[in-house]
Amino acid sequence: MKVIIDGIIKEMQSVWMEDGNVKFIDQRQLPHEVEIFCARDPEEVAFAIRHMIVRGAPAIGVAAAYGVAQAGIQNRDLKQASNLIRSTRPTAQDLFTGVDFMLERIKAGNDPKMAASEYVNAVLDSCRKIGEAGESLINNGHKILTHCNAGALATVDFGTALAPIRLAFGKGKYIFVYVDETRPRLQGARLTAWELFSEGIPCALIADNASGHFMQRGDIDIVIVGADRITQNGDTANKIGTYEKAVLARENGIPFYVAAPLTTFDFSIMDGRAIPIEERSEDEVLNFTGKMIAPSNIKARNPAFDVTPARYITAYITEYGVVDNKAIPDLKKHAIS
Ligand code: MRU
């Protein structure tokens with residue numbers, strides 16, 4: 001992805017390993033500061049995931065893989081390190097895919113650093129292919145709605161939902177992206193808007209509650225979002241607010257696509273009722289840019305994700321093409337292991 005540091009455009013990824021350290025673009029500081037966070041051991045990687053220095057399902061999976069690699073390189077207790085990493089956030093399937101992949105590889109005698117590189121390359125390759133598969137769904141002149149951040153920051157590079165958008169723009173299609181702000185942590189306003197703006201892709205930020213208005217007026221042709229976990233029947237956990245966008249899209253006859261690599265699919269769960277939903281601190285809802293916005297001592301609830309039932313999802317954009325939910329069980333044979 002293009003990142004501007006001190007006026008100079010650099011090509012960067014959001015997570016990488018350097019001299020045994022795991023480095024992250026610190027996503028808490030964007031869009032105004034580009035700071036690098038350095039995790040020296042699995043504990044610091046766990047800290048980075050828990051505190052959303054790195055976030056977005058595939059990027060969390062890669063961070064987890066690097067954290068387990070560090071445990072291997074540092075001759076640490078692998079079980080303890082992987083359990084710590086697993087405990088950081090409960091919803092994104094990629095976290096568990098990344099840890100399990102590494103444990104299998106290390107157990108089989110593979111070099112931890114090489115195994116982590118294999119995992120990262122697979123994620124990058126999937127995102128590239130998701131871009132190619134999804135690009136054909138975007139027509140010249142399309143106005144697209146996206147929610148949260150499913151871009152390069154969330155996936156190491158390219159993105160899932162943003163990969164087809166990047167490619168369509170790169171091919172010269174006239175497109176326009178409506179970006180939901182994504183309360184309470186503002187991943188849309190801070191991260192997606194920053195990514196699209198850096199690439200020169202025409203876009204506008206909208207309040208979370210404005211998308212129905214734009215859909216009703218014919219201003220949105222297609223919705224593309226990412227995913228944190230997709231079950232066998234196609235039910236999809238993604239950032240809180242995704243479900244209501246899907247229902248609104250159906251009401252307005254707008255196709256609603258979920259873009260995700262196989263690392264996000266949980267083939268062990270039949271439907272969305274079994275997906276654990278992270279509930280984060282109420283402070284994220286009660287405070288806005290560091291300022292309390294509600295009466296003191298009021299309670300708040302803060303589920304970080306919701307589940308969109310498969311019936312609202314037109315199709316899934318994967319590295320194996322654009323598929324409907326009936327094809328999901330069959331994708332299992334391609335899952336990384
Ligand atoms: O809480 P976050 O910011 O980690 O949630 C991220 C999302 O919900 C993304 O839409 C999802 O992980 C897809 S990322 C390609």
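Points worth noting:
- On the chain, 51 percent of the accessible area sits on carbon and sulfur atoms, based on a 1.4 Å probe.
- Accessible area, probe 1.4 Å, largest first, for residues E135, E181: E181, E135
- Residue pairs, from the table K143/K326; K143/K171; K2/K23; K171/K326, whose Cα atoms sit over 21 Å apart: K143/K326; K171/K326
- E18 - accessible surface, heavy atoms, 1.4 Å probe, Å² rounded to 10: 70 Å²
- Peptide ranges 128-134, 205-211 listed from the most packed, as the mean C-beta count within 10 angstrom indicates: 128-134, 205-211
- Simple label model, 7 Å out from Cα along Cβ direction - S268 to A294, nm: 3.4 nm
- Mean Cβ count within 10 Å, highest first, over the residues of peptides 248-257, 54-63: 54-63, 248-257
- Stretching H32 away from K173 to a fully extended chain increases their span by 47.8 nm, per 0.36 nm per residue minus the current alpha-carbon distance.
- The distance separating the Cα centre of segment 252-324 from that of segment 36-56 comes to 21 Å.
- Pairwise FRET efficiency - S117 versus D324, Cβ, R0 = 25 Å, nearest 0.05: 0.15
- The chain, helix-only ellipticity at 222 nm - DSSP H runs n ≥ 4, -39,500 (n - 2.57), divided by all residues, nearest 500: -10000 deg cm²/dmol
- Where R76, R105 fall by accessible area, highest first, once all protein chains stay in place (1.4 Å): R76, R105
- Extension gain, D77 back to I9 (0.36 nm per residue minus Cα-Cα distance, nm): 20.4 nm
- Computed with a 1.4 Å probe over protein heavy atoms only, the accessible surface of the chain comes to 42 Å² per residue.
- Note on segment 139-212: percent of Cα-Cα distances in each 10 Å bin, starting at 0 and stopping at the bin with the largest distance, equals 22, 57, 21, 1.
- Its Cα gyration tensor gives segment 235-301 an equivalent ellipsoid. The semi-axes, each the square root of 5 times an eigenvalue, are 30, 18, 11 Å from largest down.
- Overall dimensions of segment 248-337, expressed as equivalent-ellipsoid semi-axes from the Cα gyration tensor (√(5λ), whole Å, largest first), are 34, 17, 12.
- Taking a sphere under 9 Å around the Cβ of F158 and counting the other residues whose Cβ falls inside, with K and R at +1 and D and E at -1, yields a net charge of +1.
- Accessible area of T160 (1.4 Å probe, protein heavy atoms only, ligands and nucleic acids ignored): about 10 Å².
- Remark: relative contact order (segment 184-337) = 27 percent; criterion is Cα-Cα distance under 8 angstrom and separation of 6 or more residues.
- Annotation: average projected area of the chain is 16.9 square nanometres, based on the convex hull of Cα atoms across all directions.
- If you sort C38, C127 by accessible surface, 1.4 Å probe, largest first, the order is C38, C127.
The values are calculated or read from the model by the stated rules, or taken from the named source; none is laboratory data. Just so we're clear, the structure is a prediction, and the values are computed from it rather than from any experiment. Glycine gets a Cβ as well: all are built from the backbone with ideal geometry, and neighbour counts include every protein chain shown. Protein only, heavy atoms only, side chains kept; ligands, DNA and RNA dropped before computing areas. Shrake-Rupley method; radii C 1.70, N 1.55, O 1.52, S 1.80 Å.
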